[in-house]
Amino acid sequence: MHSLIITAHPSSHGFTHAIAQRYRETKKKNGHTVEILDLYRTDLKMGYLSFEEKSDMKKPDATRDAIQAKITAADELVFVFPIWHVNMPAILKNFFDTIFTGGFAYQYTKWTFIFPLKLLTGKTARVFCTCDAFSFLYWFLGNPLFMILRFGVLGWCGIKLKSYTNFGRMRKQTPETCEKMLQKVARMAG
C-alpha cells in the first residue's frame, strides 16, 4: 500500500507535523511506502486558483499534473491540518480546488444527472485535525468540516473516508497527552 500524507500547517513546529511523521514511521515499519507532501514546503507550489474560462482549467500545468500523479499512485490519502475558523487552512482548500478537478477527480457526462462519475473510487482517506477548542464543540455545531470533506470533497470523487480525528485543546495539552495522541495515530496507521 502506498500512502500520500498531505500536511497544511505553516509552522514546522505545529503538532500536525508530528502526526504526519508518526503515521509515516508506523506505515513504513509495517512495510508500506509513504510520501509526505507539505503544502507549505513543497517544490510543487500551486498559485491560487484563477481562470477566466472553464476551458482554462484544461490547459496543461506541470505542477498540477505532478500532484495529480502522486494522488493517482496513492492507495490512501492522509490529510493533516489545523482547524482555523471552523475550517481548513486556505492552502488546503486551494489544493482541493486546484487539484481535484473535473476530468481527474470526477466527471459529468450526458448520463449523469445530479451526481458526477467518481473517478477516484477505490482510494481511502484519513483526516487528522488539530484545534485549540474542545473537539466536541465541532460535533455540537454539526461538524461542518467533516460533512464537507466526507460528502463534498472526498465522497464527491469516490474516496472513502475511513476516519476523521480531531485533537482538541492543543495549547493546553501536556507532552504526555500529546504522546498518547501520537500513539492513537500509530494504532490507526497500523
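All of the numbers you see were taken from the coordinates with simple rules; none came from a lab. Not measured: the values here are computed from a predicted model. Counting neighbours? That spans all protein chains shown, and the Cβs are built from the backbone with ideal geometry, glycine included.
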As a test, work out the antiparallel percent of DSSP beta bridges whose residues both lie in region 5-140, rounded to the nearest 5.
20 percent
Computed FRET value (nearest 0.05) for Ala66 with Lys93, which takes r as the C-beta separation and R₀ as 25 Å:
0.80
About the Cα centre of the chain, what is the dipole size in debye to 20, counting +1 per Lys and Arg Cβ and -1 per Asp and Glu Cβ, all else neutral?
580 debye
Just how large is the dipole of region 1-107 about the Cα centre, in debye to the nearest 20, putting +1 at every Lys and Arg Cβ and -1 at every Asp and Glu Cβ?
340 debye
Going from the fewest other Cβ atoms within 10 Å to the most, one would list Met88, Met46, Met1 as Met1, Met46, Met88
Over region 70-190, what is the mean sequence separation of C-alpha contacts under 8 Å (at least six apart), divided by residue count, expressed as relative contact order in percent?
28 percent
Provide the FRET efficiency to the nearest 0.05 for the Phe113-Phe151 pair, computing r from the beta carbons and using R0 = 25 Å.
0.90
In region 10-69, the GluC sites (Glu not before Pro) that fall in loop regions by DSSP, at most 14 other Cβ within 10 Å
Glu52, Glu53
Return one number: the angle in degrees, 0 to 90 and rounded to the nearest 10, between the long axis of the Cα atoms of helix 90-99 and the longest principal axis of the Cα atoms of the chain.
40 degrees
Relative to the present Cα-Cα distance, how much length would full extension add between Asp43 and Arg187 at 0.36 nm per residue of separation?
48.8 nm
Nearest 10 degrees, 0 to 90: what angle lies between the long axis of helix 62-73 and the longest principal axis of the chain (Cα atoms)?
70 degrees
If each K or R counts +1 and each D or E counts -1, the residues other than Tyr138 whose Cβ falls under 15 Å of its Cβ total +1
Residues other than Val34 with Cβ under 14 Å of its Cβ, Lys/Arg counted +1 and Asp/Glu -1, net out at +2
How far, in degrees from 0 to 90, does helix 15-29 lean away from the longest principal axis of the Cα atoms of the chain, to the nearest 10?
80 degrees
